[in-house]
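Below is one structure; the comments refer to it alone.
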Amino acid sequence: MPTFTDYIQKHKKRFLEELFSLIRIPSISADSAYTHHMEAAAKAVQAALKEVGCTHTELCATNGYPIVYGEKIVDPKLPTVLVYGHYDVQPPDPLDLWDNDPFDPVVKKTANHPEGAIFARGACDDKGQMFMHIKAMEVMEQNGGLPCNIKFMIEGEEEVGSDNLEDFVRANTKKLANDVILISDTGMLANDIPSITTGLRGLSYVEVELTGPNRDLHSGLYGGAVANPINILTQMIASLHDDDNHITIPGFYDKVAGLSREERDEMATIPFSLEAYQKALDIESVHGEEGYTTLERKSIRPTLDVNGIWGGYTGEGAKTVIASKAYAKISMRLVPNQKSDEITALFTKHFMSLAPKGVRVKVTPHHGGEAYVMHSDGLEFQAARKAYLETFGKAPLPMRDGGSIPIVALFEETLKSKTILMGFGLDSDAIHSPNEHFGVFNFLKGIETIPHFYHHFTQLFQENR
Ligand code: BES
Ligand code: MN
Ligand code: MN
């Protein structure tokens, strides 16, 4: 097997510079003011794919932002790896909480990244992680060639729900045919404790609107006599959890796949320091569902969280007013067997029933998606295990994660293939937050580990044919 380490060492400065160029394009999918940057980012990804040796690349138009496709088919008899990633990023705000321009990357040392980390929006989620795969292809091409076929599908709407990707995948099952899907868009435990994500949570996301009186009212003239939508909304939201922090929506837990005692015991062996966790977040104590550990609460249990709440007067000083309307955005993270549409319906029914007569309630569903679990005994996990053993000197721990990549469940349904989630980010990398960053070590380790995965997967695939 070729050694990739020397090549990466020799070219790492350029790899970083190339990533920085991609990061400098503010590809914010949620904000239509950035449309031209989205197109520029898609073109930059396409060019990068061409540069490293894809023999066919294209920008696939959708009803939204283009999907970048690239491939190199070495030999139809060899297995095919399909790489998925996204070139869109979350909006960077609040801007004043950043220590640098979010779209002008700088490298700084942190406690978890003594070798330096790249600070920028998208550094970890997902430009840095996605770009590792493009550079991994270069590493393979320049050191003996690809051991198998490769396809890339890099979308621009992951952060806004991947609506158009779903249609694209359903319409292109032949083009996307593969033997395994490889994604780096998750995390690992620590730089010296590699892990592989074996589960993602599903998502149901709704927006609620309460309307009381037909106009904003003087809170002295009307206060006490009419329902205040903000008061009511906060009461309704508060009632969605009981004193033990269980969710009170009838039927919410009916289909939740529980874990066996053995599975929970195994989870408890994952190295995790509650003290360090609390310290990193500046909190005195964790908070969550009674009867479950913190690791369980953030991965195998469903949750409900308000993501935003607004209404009334929030400007300077005081204004005595009862607002006509109050709003909130609410997300529910789901676990295997809970269906996103069903949960949205259960929420809607229950939430409407909570409202007193003096207010009207509107519930609007946003995007959703199903949870995903993979088994750690498949070929893809074995191949990844061997790769990590080589580059980290340690076997990766299987670990369920709390985030969502809804398209993964759809891949399994439509393309009938398994996904391996080789994430190299850390929880402390602040994805979606100000000062998002990605370790230089992680970036380079990813580029090094991925080619080993290709080699082992190809080998195992052929042995098991
Ligand atoms: N890369 C994340 C998901 C993630 C991060 C999973 C870390 C596990 C560990 C992805 O870009 C993301 O942010 N997903 C959204 C869902 C999407 C529908 C907007 C999420 O999880 O909130
Ligand atoms: Mn992501
Ligand atoms: Mn994200």
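Would you check if there is a residue in the stretch 154-162 being more than 16 Å from ligand 2 (Cβ to nearest atom) and touching a Phe, Trp or Tyr at 6+ places or on another chain (Cβ under 6 Å)?
Checked against the condition, which is being more than 16 Å from ligand 2 (Cβ to nearest atom) and touching a Phe, Trp or Tyr at 6+ places or on another chain (Cβ under 6 Å), the stretch 154-162 yields no hits at all.
Can you tell me which residues in the stretch 305-321 are touching a helix residue (DSSP H, G or I) at 6+ places or on another chain (Cβ under 8 Å) and either at pLDDT below 95 or hydrophobic (A, V, I, L, M, F, W, C) (or both)?
Across the stretch 305-321, the qualifying residues are V306, I309.
What are the residues in the stretch 419-465 that are more than 16 Å from ligand 1 (Cβ to nearest atom), open to solvent by less than 10 Å² (accessible area, probe 1.4 Å) and touching a Lys or Arg at 6+ places or on another chain (Cβ under 7 Å), if any?
Within the stretch 419-465, I447 is the sole residue that qualifies.
Only residues that are outside any loop (DSSP other than H, G, I, E, B), open to solvent by 20 Å² or more (accessible area, probe 1.4 Å) and within 16 Å of ligand 3 (Cβ to nearest atom): list them for the stretch 184-205, please.
Y205, the sole residue that qualifies.
Table: residues versus (1) modelled with pLDDT under 95; (2) of a type in the set (S, T, Y); (3) surrounded by 13 or more Cβ atoms within 10 Å (Cβ to Cβ); (4) in contact with a helix residue (DSSP H, G or I) (Cβ under 9 Å, 6 or more places away or on another chain).
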{"site": "E207", "(1), (2), (3), (4)": "no, no, yes, no"}
{"site": "G212", "(1), (2), (3), (4)": "no, no, yes, yes"}
{"site": "H218", "(1), (2), (3), (4)": "no, no, no, no"}
{"site": "G223", "(1), (2), (3), (4)": "no, no, yes, no"}
{"site": "N228", "(1), (2), (3), (4)": "no, no, yes, no"}
{"site": "T234", "(1), (2), (3), (4)": "no, yes, yes, no"}
{"site": "F252", "(1), (2), (3), (4)": "no, no, yes, yes"}
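Just the residues that are touching a helix residue (DSSP H, G or I) at 6+ places or on another chain (Cβ under 6 Å), within 16 Å of ligand 2 (Cβ to nearest atom), of a type outside the set (D, E, K, R) and open to solvent by less than 10 Å² (accessible area, probe 1.4 Å), please, taken from the stretch 83-122.
V83, G85, H86, Y87, A120, G122
Go through (1) polar (S, T, N, Q); (2) within 21 Å of N164 (Cα to Cα); (3) in contact (Cβ under 8 Å) with a residue 40 or more places away in the chain and name the single condition T80 misses.
(2)
How many residues are away from ligand 1 (no atom under 16 Å from the Cβ) and either outside the structural domain of D185 (by TED's automatic domain parsing) or part of a helix (DSSP H, G or I) (or both) when one looks only at the stretch 401-418?
Total satisfying the criteria: 4.
Confirm whether S376 is more than 16 Å from ligand 2 (Cβ to nearest atom), under 20 Å from S195 (Cβ atoms) and open to solvent by 40 Å² or more (accessible area, probe 1.4 Å).
yes
Return yes or no: is I407 within 16 Å of ligand 2 (Cβ to nearest atom), of a type outside the set (G, A, S), under 14 Å from the mean Cα position of the chain (by Cα) and open to solvent by 60 Å² or more (accessible area, probe 1.4 Å)?
So I407 fails the test.
The values are calculated or read from the model by the stated rules, or taken from the named source; none is laboratory data. The structure presented is a predicted model; accordingly, all values stated were derived computationally and were not measured. Neighbour counts are summed over all protein chains in view; Cβ atoms, including those assigned to glycine, are modelled from backbone coordinates with ideal geometry. Ligands, DNA and RNA are stripped out before the accessible areas are found, and what is left, the full protein with its side chains, is counted by its heavy atoms. Shrake-Rupley method; radii C 1.70, N 1.55, O 1.52, S 1.80 Å.
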